[in-house]
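What follows is one structure encoded as structure tokens, with my remarks underneath.
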Amino acid sequence: MLARRNPIDRRLLLLLLSLLLLQFAFPGLTGAQVKQKARARVTKKTSDGKRKSKDGARQRQPVALSSKQEPRAMTQTKIDSQLLYLMKIRRGEKSPVADSQALERSIKIDGQGRALVDVEANVSDALLLAIQSLGGEIISSFKQFNSVRVNFPVDKLEELAALRDIKFIRPAAAPQMDTPVHG
């Protein structure tokens with residue numbers, strides 16, 4: 001007696017056969033090439049170099065950075081914008097922040113020019129030594145949470161961000177207390 005086949009086995013077999021037939025029908029075409037040909041049919045370049053769809057509508061172009069935004073170096077993308085603006089203010093550069101004094105008050109700086117920051121990183125002994133060699137005072141580090149709290153010189157934040165194991169640097173989060181609601 002013949003055993004009944006599972007319907008899932010039949011569907012899988014049909015899918016594999018379909019894919020095999022498609023490969024023989026269109027040899028050498030990859031998925032990326034099919035997508036590229038499909039896009040070419042939908043849009044074409046105009047004389048001014050911009051793309052138009054077949055219905056004549058222009059496609060959206062990338063938006064340029066606003067006057068306040070500046071391109072950031074790779075190391076700067078690892079630093080919170082508040083800290084970047086604070087660095088610019090301390091260097092005497094023009095800051096795009098309207099109220100630079102409020103920014104300076106929100107991030108407390110000690111007498112040695114250091115700010116308390118939280119660093120997201122692949123924490124290792126070598127990284128902790130590198131932080132200390134740059135003038136940082138390690139307050140706490142938690143390898144399991146990829147986190148280090150450091151009192152660090154604001155003027156050297158870009159050097160810290162340049163380290164390979166650093167993922168992101170932000171102003172230290174203030175502790176919050178849970179208070180019961182009486183009602």
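The values are calculated or read from the model by the stated rules, or taken from the named source; none is laboratory data. In this text, all values refer to a predicted model and were calculated from it rather than measured experimentally. Cβ: placed from backbone, ideal geometry, glycine included. Neighbour counts: every protein chain shown. Ligands, DNA and RNA are excluded from the accessible area calculation, which covers all protein heavy atoms including side chains. Shrake-Rupley method; radii C 1.70, N 1.55, O 1.52, S 1.80 Å.
Per residue, the solvent-accessible area of the stretch 117-182 (1.4 Å probe, heavy atoms of protein chains only, all protein chains present) comes to 62 Å².
Applying the Karplus relation 6.51 cos²θ - 1.76 cosθ + 1.60 with θ = phi - 60° to the stretch 123-140 yields 3J(HN,Hα) values of 6, 8, 4, 5, 5, 4, 5, 5, 4, 5, 5, 8, x, x, 10, 6, 8, 7 Hz, where x marks Gly and Pro.
Taking Lys and Arg as +1 and Asp and Glu as -1, the other residues whose beta-carbon sits under 10 Å from that of GLY135 total -1. For SER18, the shell of other residues with beta-carbons less than 14 Å away shows a net charge of +2, using +1 for Lys and Arg and -1 for Asp and Glu. For the set ARG10, ARG90, ARG164, ARG149, solvent exposure ranked by accessible area (probe 1.4 Å, protein chains only) runs largest to smallest as ARG164, ARG10, ARG90, ARG149. Note on exposure: LEU128, LEU86 ranked by accessible area (1.4 Å probe, complete protein assembly) read LEU128, LEU86, with the most exposed listed first. Charge tally for ASN146 (other residues, Cβ to Cβ under 15 Å; Lys, Arg +1; Asp, Glu -1): +2.
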